[in-house]
1. ³J(HN,Hα) across segment 265-273 via Karplus (A = 6.51, B = -1.76, C = 1.60, θ = phi - 60°), whole Hz, x for Gly/Pro?
2. Using a 1.4 Å probe, how large is the accessible area of VAL318, given in Å² and rounded to the nearest 10?
3. Return the lysines within reach of LYS299: Cα separation strictly under 19 angstrom, same-chain partners fewer than 8 residues apart disregarded; answer none if there are no such residues.
4. Across 5 Å bins from 0, what is the distribution of all Cα-Cα pair distances for segment 164-274, in whole percents?
5. Cα atoms only: what Rg and Dmax, in Å, come out for segment 76-196?
6. Mind listing the Cα extents of the chain along all three principal axes, in Å, largest one first?
7. Got a number for the accessible area of TRP287? Probe 1.4 Å, square angstrom, nearest 10.
8. How large, in percent, is the carbon and sulfur part of the accessible surface of the chain at a probe radius of 1.4 Å?
Amino acid sequence: MSEPASWQLPLWQSLLPLGRSEETGGYRRYSFTRADTECRDWFRREAERRSLRVETDQNSNLWAWWDPSDEPEGEVGAIVTGSHLDSVPDGGPFDGPLGVVSAFVAIDLLAEAGQVPVRPVGVVAFTEEEGGRFGVSCLGSRLLTGAIAPERARELTDADGVDLAAAMTQAGLDPDAVGADPQRMAGIDAFIELHVEQGSALADMDAAIGVAESIWPHGRWRIDFTGRADHAGTTKLTDRRDPMLPFAATALAARTVATELGARATFGKVRAEPGAANAISSVVHAWLDARAPDEDTLKEMVSQITAVAELSGKGHGVSVTSRCESLTPIVEFDLDFRDRVVTALARRGIDAPVLPTGAGHDAGILAAVLPTAMLFVRNPSGVSHSPAEHAEPEDCEAGVVALAGVLEELACR
Ligand code: GLV
Ligand code: MN
Ligand code: MN
């Protein structure tokens, strides 16, 4: 990462080393691990440095509050901003942290300019946004809003078979308390998430900042191909029930079907059991990430891909099962709130184009229950979910200025 702007530097300097792999330079910030605890401690320290009130909610999301000094007039809820600190395996530095760092720095800018909040301003860091450990994306915001049942969440397991309940207990948290928190939600009027763009639309438009229009419907499906383990050298090709073959056919079909439908389909995670180089696998577990511009297309694509898996499985004596692990419907961000954000930016001379995205975000989950908006910061290469993810310091700075401008209009005097 090139040098961040001086007024953001201390936050980045203290956050950047946490959970970074020396080998790849990517981040491995998985929920309830040491790296995650270090990120949470960082969040608390930065909040306390600013005299913000910090709390961890029942779903282990972190909140820092800039409270109004005077009792607000009438019934006004909070304006919340923030994002997440967890990462995909070998993720980049900005996906998530940019929104949290920018939130703290935006509050600094407002406070330095003598702005006073007339309603609570919250900074949030949601838990397990990437689903990098327990498989379901946006787990913290899904639990908070009731979009996932607590019983189901508690039973989610990581790659070592440790379930969420055990991981939370080990981290000193209470898994029995997870679940919808309507009281907290009732106290929030709107949420705005700043995020690095995970594509190159802004770079193509020569714009530093964008505003989200919608999020494509998307989900994850686990497909299990079960065959029969056997010797790689002695088993005749005709006698094999090799699950790797229908998996390979399915991965190729995913590309073809996604191309035909103008959608996206990815197998980014595959596990072969028992994983011996000299044995035919007994089982291949594969995770399909599927996204499309509309829900019918998404359904059609997944049904075509799973049909290929089953047909090819039959041809190889391999049984195939598939199950949806998470599904997020299309998100159309609240039009009135988006207009307020665009207008606030325009008043400050920031011309921010409105664009859709194929990436998922906690803002997309919260959009089901609150007016929600997103600001995107230009990513020159468009690369994300990779150590090569990048944003220029001056664009990060523009992001903070934009966010501060929006918070000023919505929450300050
Ligand atoms: C999160 O970044 C996702 O789109 O999976
Ligand atoms: Mn991500
Ligand atoms: Mn993200």
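1. With the stated coefficients, segment 265-273 comes to 9, 9, 9, x, 9, 9, 10, 9, 10 Hz.
2. Surface accessible to solvent at VAL318 totals approximately 10 Å².
3. none
4. Percent of Cα pairs in each bin: 2, 7, 10, 9, 11, 13, 13, 12, 11, 6, 4, 2, 1, 0.
5. Rg and Dmax of segment 76-196, Cα atoms, are 16.0, 51 Å.
6. 78, 46, 40
7. Accessible area of TRP287: about 30 Å².
8. 49
The values are calculated or read from the model by the stated rules, or taken from the named source; none is laboratory data. What you are looking at is a predicted structure, and each value in this text was computed from that prediction instead of being measured. Here the Cβ is made from the backbone with ideal geometry for all residues, glycine too, and neighbour counts use every protein chain on show. These accessible areas exclude ligands, DNA and RNA; they are computed on the full protein's heavy atoms, side chains included. Shrake-Rupley method; radii C 1.70, N 1.55, O 1.52, S 1.80 Å.
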